[in-house]
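Here, each number is a calculation from the coordinates, and none is a lab measurement. What you are looking at is a predicted structure, and each value in this text was computed from that prediction instead of being measured. Cβ atoms come from the backbone with ideal geometry, glycine included; neighbour counts cover every protein chain shown.
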Amino acid sequence: MMLADVQSLIDLQETDRQIQRLQAEIAALPKRVAVIEEKLAGTKKVLEDARTAVKGDEAARRKYESTISDLQGKISKYRDQSLDVKTNEQYKALLHEIQFAEQEIRGNEDKILELMVNAEAREKKVKAAEAELKEETAEIEKEKAIARERTAQDEKELAEWNGKRSALLGTVNPDLLRHFERVSKFRGSGIAEVRDQKCMGCQVMLRPQTYNDVRSGNIVMCESCQRILYFNPANETKPEPVVERHRRRARPKFDSAVAWFYHPAYGEHGEVLLGFQNASGQASRQVFDFNTGRQLGDTLIREGTYPLAFPEDLGEAVRLNGDWDEEEMETWGQEMPMTVLDALHSDLALARNDAKSHAKHDHPAPAASEHPAAS
């Protein structure tokens, strides 16, 4: 059963995540509105530029028309003066001025014609920009209203989550809470689930003893990331039962340097698991509690291979499959991992099933027409 403090911290961590999510969303909404306003400002500028261009064309046209009027006045003046000239050179000079003014008039008239041609396109651009602004303004006002509603809803939810957080703070051991908040500040979370002997917060494998302590419901901190650890059996990988997975049990190799046995009544300890290893002409023996996997006593070393060195241990023992080497077993400390313990338990179940099956074949039931002999 999960400790109340641990469950409260799990709830507190989820509450903090929801609070952070809502705070981030509330902070992002003004930026979203600013983007909307910026988009609308861009459309307004397009319209203003189009209107400015139309006004510029109108001002240029008036300027050209005024220039034409001035030139026409000069031409009239030059013609009046030509009536009073005395020499042919003076007449030619006035005629040249008239021709130059007429050329200027034609240039300005061409510019006015060009403006008149462009005026229709500019008016269409103005009308299109006005229509776009009107449509976009309505859409943007709708988006801003939605943003305001979302903000109001987020603020309401944020107040509710803050209330839940305040309530949870009073349910956790103060020292544990301080550790949780300190780690959360630097890691983003202060509690992490353990799955398959791994801290899901930092993805680092746990030592067997630490893993077993977490599974037992003890308060344990990850040695790597300092998060508080918890175990949820519902999320643990559930291997298929060995009995169902294998129709035939693999036979242990009797010439192996490593051997495991189950002993049903080992002195005062009762059921135990025995681990033997042969190395350099010597044999070592370790005894483990059958139910907890904790080592009982010290490792014993004798001369010779284990069948010769420890014959008294093998009389009632059942040979099991297991090939964990000395280097790996040294990492166990004083307690074998639950995965190892489960594997040995499963293999013992297979061995017992094999024994029952052999007993049935060695002593078949009598036929219907036969009668068992009287005892």
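Observations on the structure shown:
- Paramagnetic label zone (point 7 Å from Cα along Cα-to-C-beta, ARG32; backbone N under 20 Å) in the range 122-145: 136-145
- When every Cα-Cα distance of the range 263-354 is counted in 10 angstrom steps from zero, the calculated P(r) takes the values 15, 51, 32, 2 percent.
- Legend: distances between Cα atoms for LYS77/LYS111; LYS198/LYS253; LYS39/LYS134; LYS63/LYS125; LYS44/LYS125; LYS144/LYS164; pairs beyond 22 Å are LYS77/LYS111; LYS198/LYS253; LYS63/LYS125; LYS144/LYS164.
- Proximal charge balance of ILE26 [Cβ under 12 Å; K/R count +1, D/E count -1]: +2
- Coordinate range along principal axes, alpha carbons of the range 162-300, Å, largest first: 64, 37, 30
- Summing Cβ point charges (Lys, Arg +1; Asp, Glu -1) relative to the Cα centre of the chain gives a dipole of roughly 1240 debye.
- Shape category assigned to the range 120-176 from the gyration tensor of Cα positions, a/c cut at 1.5: prolate
- Remark: spin-label model distance LEU133-LYS111 equals 2.9 nm, labels positioned 7 Å along the Cα→Cβ axis.
- In plain terms, if you count all Cα to Cα distances in the range 3-74 and split them into 5 Å steps from zero, the share in each step is 3, 12, 8, 8, 8, 7, 7, 6, 6, 6, 5, 4, 4, 3, 3, 3, 2, 2, 1, 1, 0, 0 percent.
- Neighbour net charge for ILE140 - beta-carbon separation under 12 angstrom, K R +1, D E -1: -2
- Which of VAL126, LEU9, SER184, positive extreme of dipole for the chain (C-beta unit charges): VAL126
- Extension reserve of the THR339-MET200 stretch, reckoned as 0.36 nm per residue once the Cα distance is removed: 48.2 nm
- Among (i) 69, 51, 41; (ii) 64, 54, 39; (iii) 167, 59, 50, the entry that matches Cα extents along the principal axes in Å as calculated here: (iii)
- For ALA93 and SER69, the difference between the fully extended length at 0.36 nm per residue and the C-alpha to C-alpha distance is 6.5 nm.
- Projected-area average for the range 4-169 over all orientations - Cα convex hull basis, square nanometres: 15.3
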